[in-house]
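The values are calculated or read from the model by the stated rules, or taken from the named source; none is laboratory data. Computed from a prediction, not measured in an experiment: that's the story for all the values here. Methodologically, a virtual Cβ is constructed for each residue, glycine included, from the backbone with ideal geometry; neighbour enumeration extends over all protein chains shown. The accessibility values were calculated without ligands, DNA or RNA, using every heavy atom of the protein model including side chains. Shrake-Rupley method; radii C 1.70, N 1.55, O 1.52, S 1.80 Å.
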Amino acid sequence: MSSILKLENLKVRFSTHRGQLEAVRGVDLDIQVGTSIGIVGESGSGKTVMSRAAMGLLTGSNVTREGRVTFDGKVLSEMSREDVRNEFGTGMAMIFQDPMTALNPVRRIGSQLQESLRVRLGMSRKEARARSIELLTLVRIPEPKHMLRKFPSQLSGGMRQRIMIAIAISCNPKLLFADEPTTALDVTVQAQILELLTDLRKRLNMTMVLVTHDLGVVAGNTDYVAVMYAGEIVEQAPTTELFANMKMPYTEALFKSIPNIQMKAGSRLPVIEGRLPDPTDRPPGCGFAARCSYAQDKCFTEHPELEVAKDGHLYRCWFPLGDSVPRKVS
Amino acid sequence: MTNHAHLRKDSDVLLRVEDLVVEFKVPGNKVVNAVSSVSFDVKEGETLAVVGESGCGKTTLGKALLQIQKPKSGNVRFEGNELTSLSKNDLRSARTSIQMIFQDPISSLDPRMTVRQIVEEPLWIWSKGDENERLEKVKTLLNNVGLDPELVLDRKSYEFSGGQCQRISIARSLALEPKMLICDEPVSALDVSIQAQILNLLNDMKDRYGLTLIFISHDLSVVKAISTRIMVMYLGKVCEIGTTESIYAKPAHHYTAALISSVPVPDPTHKVERTPITGEPPSPVDPPSGCRFRTRCPAATELCATEEPMLREVSDGQFVACHYPRA
Amino acid sequence: MRKLWSTFNLPTKISTVWVMIVLFFVVTGSFLPLPNPTEYDPDASGVGLFSPGHILGTDINGYDLLSNVVNGARISILIALISVGVGGLIGSAIGIGSAYIRGKLDIVVNLLFNILLSIPNLVLGLALVAILATSADPSIPIDPNRRVFIIIFSLTTIIIPILGRIARGATLSWVNREFIVAARSMGMKDRHIIFKHIVPNVLPAIYAVIFLAIGVVIVAEGALSLLGVGIIDGVSWGAMIGRVAGDFTYAPQSMYVPVVVLALTVIAFNQIGDHLRSQLDSREGKI
Ligand SMILES: Nc1ncnc2c1ncn2[C@@H]1O[C@H](COP(=O)(O)OP(=O)(O)OP(=O)(O)O)[C@@H](O)[C@H]1O
Ligand SMILES: Nc1ncnc2c1ncn2[C@@H]1O[C@H](COP(=O)(O)OP(=O)(O)O)[C@@H](O)[C@H]1O
Ligand code: SF4
Ligand code: SF4
Ligand SMILES: [Mg+2]
Ligand SMILES: [Mg+2]
C-alpha cells in the first residue's frame, strides 16, 4: 500500500487578541490509498482546523502553518496556492457539515453541479448535463432530471448533503474529506448518508477522511480511527482494535458518554466533566489531566509522547488502560 | 372516527391533547398538514418523548401546545384550563407554567444581553421580587444548572459554547418555576459528549423542580435515558405510543423499528440488520392515503393504501396504528 | 469611544476628522471672525485662493467664499441631519412594525417601499417640490420658511424607504430567532419584545446606513438647488454651486471650492458608513 496523504509535524497557530492560539500541535498522520480513516474528538479539539490546514484551505493573515503535507507524492506545503488549488476536485474534495451554507442559495442545483465539470474537466454543456444526471443517480436522488432545476432552499438537509456529495465526487477525487457530514441531519438520514459514502468510496476507490464527534459514526464506516484532543492525536489504531482495546482514558470517556440504545432505560449517563484546556494557555502536562479519573502527579507536569503498541496502536498517555501499572483512582 | 384508545382518565393527567390539527398555508393555495389530529396525554411527573424524523411536526406540535402556533382545531387542556379558548391575557399568564427550550442553543439567547439579563427576564416580565431578590434567584438558578454565577453573569451569550448556552436556556426556563417543560431537540446541536451532560441535567432539574417533561427528539438513543413514555410520530400522525421499556423491547410499528435500527452503534463488530427504510418522508402538502408510512413500509399491502390504521393496544400500555404490527 | 476609534482604518480616521471639522463650523460658524457672507468686498472680486482677507478667495461679485462655505455648511448639514433623523425614525418605525406584525400590512408596506425606491431620488425630490411648492398664483412667491420645510419634507420622503427597508429586513432576520419565540412563551408583551429584543439588535444596521443616507441627502439637496428648486435665496452648498455656475471661466474657485467641500463631506460620510457596515457584518458573523 502506498500513502496518499501524509502529515508530518503539522502545526497551526492563530494569533488572536488573547495571544497565540495553537489549534493543531504537531500532528503526524499517514493515510493509505483506499482506506477510510475517522478523526474523532469533541468540539474545539482541532479536527476542522487540521483537515483544512492539510488541504491548504486556511487563509487569513493571522494563521501560521508549519510542517510538511504530502499528497499523492507532491509536497503540498511547498506548492503555490495556485498549484494547490489545481489539486481540488480531481485530487481531493471536501464535504462540509452545513450543506445549506456550502451551496449557493441563488443558483440552481444543475448549474452548481455542472460548473466544476465544465471548468475542471472541460466538458461541453451537453456532456456536463449527462454526467450530472449520472452523478445524481449515483447519490440516489430520485428523478435526477427534475432535481437539476431546483434551488437549494427547496431541498431537505439530507437532499442537500447528497448534492454536496455529488459535487465533491464529480471530478473523481482520490481523497474525500468529509467534515461532520451528518451532524446536522436526522439519524435516519445519517444512516443513509453514511451508507452511501461507504458504498461510493468502495465503488470509486476513493480514500476517505471522516471527521466526526461521534464514535458511533466511525465504528461501522472506517478502517482506522484517530482520536484528537486539544490539537493533538491522542490515540490511533485500526477501528476494531481501538474499540476492542482502548488505551487512552479520554477515548474511553468519550465512548462511555454516548447515549447508547443498548443501555437500560432511565439510567444515568456517564459524562466527561470539565472542558478542553484554554487553547491559548495549555497546561504543561497531559491536556486531559484535569478531567481524567486516572490522572496521577506525573500527568500534570510532563507531557506524554505518542507511544507505539502492537498492531499499529498509538496512544499518548502515561498510564494507559489495560496496563498492569498500579494506579490510584481519584 | 376517533383515535383515543390510548388516552387515560381525564382526572389523572396534567395535559390532555385531543385531535389537535395544525396547518400552514403555503403559496399556490396549498396546505401543509404539519400536525394531523394528534391526541395524547401526559401525567404529572412523566417524561413523554416525542420522536420522529425532521419535518414530521414535532416542533409545530410543541409550539401549538403553548399556543405560539395557533392550532386549526382540537383541544389542549392543561390543569383543567382549555388553552385554545383563553383570552390573550389569560394565555400570557397560563404560559408561565409551561416553558419551552429550543434546538439551537445560540439563537435561543439574545446576543446583546448578558447572562444575568437573560435569566432575569422572565422575573422582570412578571415583576417578581425586587432587584436584589431577582439577582439572588438568578444566581441560584445558574448554580443549579452547573454554571458559576460569578464567572458568567456579565458575559454575553455568544462567548459560550453550545452546551453552556443550553444550560443558560434551561436556567431561564426554570425561573418562573413552571410545571411543564417542553424541550425541543435540546441536544441535537451538541456534541455527543455534551449531550449526556445536558440529559443528566434535565433529569436532575426534573427532580429538583418537580417538572413534567415533553422531550422532542429525532434520535431514539437519546430519549432512552430520560423518557418514561415514548410517542413516535410520522408525517403529522401518531404511529405508536407506549412505555419506554415496551417500545425498545418490541417496537410494534415498522417505522419505530426503522428508527431504532438507524441509531449508529459504537461497536465495529455490530452487524446492522438494517430494516430497509430508504428515501425521505413524502411531502406533508399531499400525504399518502391510508397509512402515511406506506410509501416506505416494507410490510405495506393494498389495505394500507385504502384504510387508515387506528391506534389500538397491542400489549399492556402500548398502542400502535398499523394494520400489520410487528410481532 | 476610544475602542471604536481603534477599530478605524486610516481613511475612516481622516473622514471622521473631516466630519468633525465640518460640524465644528456648523456649530461655531456665526461666531467666527469671518467676513460677512452676505456683504461683498468691492476691492476683491474674483480673487483666488489665499488672497489677503479671503483665504479661499471670493466669487466674481466679491463675496467671501470661506464664509459662504461655512454658512452653507450650516444649512446643508442641518437639512441633512433633520431629514435623515426624521426619515430614519419614521422609516425604522414603519419597517420594524410591519416586519413584526407581518400579514397584509407588511405586504402593502413592502410594496410602497419598493415603488418609492424604484424612483430615482432626484426625480422623486423634484416631483414632490414641484407639487408642494407651486403656488396657485405665480406672482406671489412661496414663503421661504415654507420652502425650507418643503425641501426637508421631500428629502425625508427619500430617506424613509431607504432606512425603512433596512429596518424591515433586519427585523425579519431577527424576529424568527428562537429567543423571540422564547420571550413570547414567557408571556412577554409585544411592546416589550420590540423595544427590548428587536430594536437593540436592529439599531446597528440602521446606524451604519444613516451615514450613507446623510451623503445621499446632501447630494440630493445640492442637486435640487442646482436645478433651481432648492433654497433659492438660501446659501446651502448646492445653492452656491448653482449661483456661480456661469462664472466658472472668470472665477473658477467660486465653483470648485463648494464642489470640493461638498464632495469631501459626502465621501467622508460614505466612508464612515461603509466602515461601520463592514464592522457590523463581521460581528454579526460571530454572533
Ligand atoms: N480563524 C480562527 N481564528 C482563531 N481561532 C480559531 C480559528 N478557527 C478555529 N480556531 C480555534 O481552533 C480550535 C480548533 O477548532 P476546530 O474548528 O478545528 O474544532 P473542531 O474539532 O472541528 O470542532 P467542531 O466539532 O466544533 O467542529 C478552537 O479552539 C477554535 O476556537
Ligand atoms: N411557518 C411555516 N410555514 C409553512 N410550513 C411550515 C411552517 N413551519 C413548519 N412548517 C412545515 O410543517 C411541517 C412540520 O414542521 P416541524 O414541526 O418544524 O417539524 P419537526 O420539528 O418535526 O422537524 C414541515 O413540513 C414544515 O416544513
Ligand atoms: S496521561 Fe494521565 S491524565 Fe493524561 S490521559 Fe493518561 S492517565 Fe489521564
Ligand atoms: S399500516 Fe401498513 S403501511 Fe402502515 S406501517 Fe402498518 S403495515 Fe406498514
Ligand atoms: Mg469542526
Ligand atoms: Mg424541529
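Among residues of the stretch A:128-155 that are over 17 Å from residue A:103 (Cα atoms), those with a Cβ under 6 angstrom from a residue that is open to solvent by 60 Å² or more (accessible area, probe 1.4 Å) and of a type in the set (S, T, N, Q), sequence gap 6+ or separate chain, pair up as A:144/A:137.
Being surrounded by fewer than 21 Cβ atoms within 10 Å (Cβ to Cβ) and either modelled with pLDDT under 90 or part of a strand (DSSP E or B) (or both) holds for only one residue in B:261, B:193, and it is B:261.
Condition first: away from chain C (no Cβ under 14 Å), within 16 Å of ligand 5 (Cβ to nearest atom) and open to solvent by less than 50 Å² (accessible area, probe 1.4 Å). Can you find one or more residues in the stretch B:145-164 that meet it? Looking through the stretch B:145-164, at least one residue is away from chain C (no Cβ under 14 Å), within 16 Å of ligand 5 (Cβ to nearest atom) and open to solvent by less than 50 Å² (accessible area, probe 1.4 Å). In the set A:314, A:254, only one residue is away from every other protein chain (no Cβ under 14 Å) and either over 25 Å from residue B:163 (Cβ atoms) or at pLDDT 90 or above (or both); that residue is A:314.
Okay, residues lined up against (1) open to solvent by 10 Å² or more (accessible area, probe 1.4 Å); (2) at pLDDT 80 or above; (3) of a type in the set (Gly, Ala, Ser):
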| site | (1), (2), (3) |
| --- | --- |
| C:218 | no, yes, no |
| C:222 | no, yes, yes |
| C:226 | yes, no, no |
| C:234 | yes, no, yes |
| C:248 | yes, no, no |
| C:258 | no, yes, no |
| C:281 | yes, no, no |
| C:286 | yes, no, no |
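The listed residues are B:80, B:55, B:28, and the only one of them that is free of Cβ contacts under 8 Å to residues at least 12 places away in the same chain, in the same structural domain as residue B:188 (by TED's automatic domain parsing), surrounded by fewer than 23 Cβ atoms within 10 Å (Cβ to Cβ) and within 13 Å of ligand 2 (Cβ to nearest atom) turns out to be B:28. Restricting the stretch B:240-256 to residues that are more than 24 Å from residue B:287 (Cα to Cα) and within 11 Å of chain A (Cβ to nearest Cβ) leaves a set whose member that is most open to solvent (accessible area, probe 1.4 Å) is B:245.
Tell me yes or no: at least one residue of the stretch A:130-148 is among the hydrophobic types (A, V, I, L, M, F, W, C), under 19 Å from residue A:209 (Cα atoms) and within 28 Å of the chain's Cα centre (by Cα). There is at least one residue in the stretch A:130-148 that is among the hydrophobic types (A, V, I, L, M, F, W, C), under 19 Å from residue A:209 (Cα atoms) and within 28 Å of the chain's Cα centre (by Cα).
I'd like to know if the stretch B:211-231 contains one or more residues that are within 16 Å of ligand 4 (Cβ to nearest atom) and of a type outside the set (S, T, N, Q). Yes, the stretch B:211-231 contains at least one residue that is within 16 Å of ligand 4 (Cβ to nearest atom) and of a type outside the set (S, T, N, Q). Return yes when residue A:188 is modelled with pLDDT under 90, within 11 Å of chain B (Cβ to nearest Cβ) and in contact with a Ser or Thr (Cβ under 6 Å, 6 or more places away or on another chain) and no when it is not. Yes; evaluated as a whole, the condition is true for this residue. Only one entry of A:172, A:205, A:221 meets the criterion of being open to solvent by 20 Å² or more (accessible area, probe 1.4 Å), more than 16 Å from ligand 2 (Cβ to nearest atom) and within 14 Å of chain B (Cβ to nearest Cβ), and that entry is A:221. Answer with yes or no whether residue B:110 is of a type in the set (D, E, K, R), at pLDDT 90 or above, open to solvent by less than 40 Å² (accessible area, probe 1.4 Å) and not in a helix (DSSP H, G or I). So residue B:110 fits the description; yes. Restricted to the stretch B:290-300, and to residues there that are open to solvent by 60 Å² or more (accessible area, probe 1.4 Å) and away from ligand 2 (no atom under 16 Å from the Cβ), the residue that is nearest to the other protein chains (Cβ to nearest Cβ) is B:298. Here residue A:217 qualifies as at pLDDT 90 or above, of a type in the set (Val, Ile, Thr) and more than 16 Å from ligand 4 (Cβ to nearest atom). Scanning the stretch B:207-239 for residues that are within 16 Å of ligand 2 (Cβ to nearest atom) and either more than 14 Å from every other protein chain (Cβ to nearest Cβ) or assigned to a loop (DSSP other than H, G, I, E, B) (or both) yields B:218, B:219, B:231, B:235, B:236, B:237, B:238. Scanning the stretch A:29-45 for residues that are assigned to a strand (DSSP E or B) and surrounded by 17 or more Cβ atoms within 10 Å (Cβ to Cβ) yields A:29, A:31, A:36, A:37, A:38, A:39, A:40. Tallying residues that are surrounded by fewer than 24 Cβ atoms within 10 Å (Cβ to Cβ) and either of a type outside the set (Asp, Glu) or within 11 Å of chain A (Cβ to nearest Cβ) (or both) within the stretch B:177-189 yields 7.
Residues that are touching a residue at least 40 places away in the same chain (Cβ under 8 Å) and charged (D, E, K, R) within the stretch B:232-252 comprise B:237, B:240, B:250, listed in sequence order.
For the stretch A:112-132, a residue qualifies if it is out of contact with any helix residue (DSSP H, G or I) (no Cβ under 9 Å at 6 or more places or on another chain) and open to solvent by 90 Å² or more (accessible area, probe 1.4 Å), and the qualifying residues are A:119, A:126. Would you check if residue A:51 is within 16 Å of ligand 3 (Cβ to nearest atom) and touching a Phe, Trp or Tyr at 6+ places or on another chain (Cβ under 6 Å)? Taking the combined requirement at face value, the residue does not satisfy it. Of the residues examined, residue A:77 is one that is more than 23 Å from residue A:197 (Cα to Cα), under 20 Å from the mean Cα position of the chain (by Cα) and open to solvent by less than 50 Å² (accessible area, probe 1.4 Å). When the stretch A:175-202 is filtered for residues that are free of Cβ contacts under 8 Å to residues at least 40 places away in the same chain and surrounded by fewer than 20 Cβ atoms within 10 Å (Cβ to Cβ), the ones remaining, listed by number, are A:195, A:199, A:202. With A:322, A:274, A:287 as the choices, which residue is in contact (Cβ under 8 Å) with a residue 40 or more places away in the chain, exposed (fewer than 12 other Cβ atoms within 10 Å of the Cβ) and either out of contact with any strand residue (DSSP E or B) (no Cβ under 7 Å at 6 or more places or on another chain) or assigned to a loop (DSSP other than H, G, I, E, B) (or both)? Sole residue among the options that is in contact (Cβ under 8 Å) with a residue 40 or more places away in the chain, exposed (fewer than 12 other Cβ atoms within 10 Å of the Cβ) and either out of contact with any strand residue (DSSP E or B) (no Cβ under 7 Å at 6 or more places or on another chain) or assigned to a loop (DSSP other than H, G, I, E, B) (or both): A:322.
Elements of the type helices (runs of 4 or more DSSP H) sitting completely within the stretch C:60-172 and holding at least 2 residues that are touching a residue at least 60 places away in the same chain (Cβ under 8 Å): these cover C:65-101, C:121-132. Yes or no: the stretch A:258-274 includes at least one residue that is over 30 Å from residue B:249 (Cα atoms) and either away from ligand 2 (no atom under 16 Å from the Cβ) or at the interface with chain B (Cβ under 9 Å from one of its Cβ atoms) (or both). Yes: the stretch A:258-274 contains one or more residues that are over 30 Å from residue B:249 (Cα atoms) and either away from ligand 2 (no atom under 16 Å from the Cβ) or at the interface with chain B (Cβ under 9 Å from one of its Cβ atoms) (or both). Residues of the stretch B:196-206 that are open to solvent by 20 Å² or more (accessible area, probe 1.4 Å) and either within 16 Å of ligand 6 (Cβ to nearest atom) or within 11 Å of chain A (Cβ to nearest Cβ) (or both): B:197, B:203, B:204.
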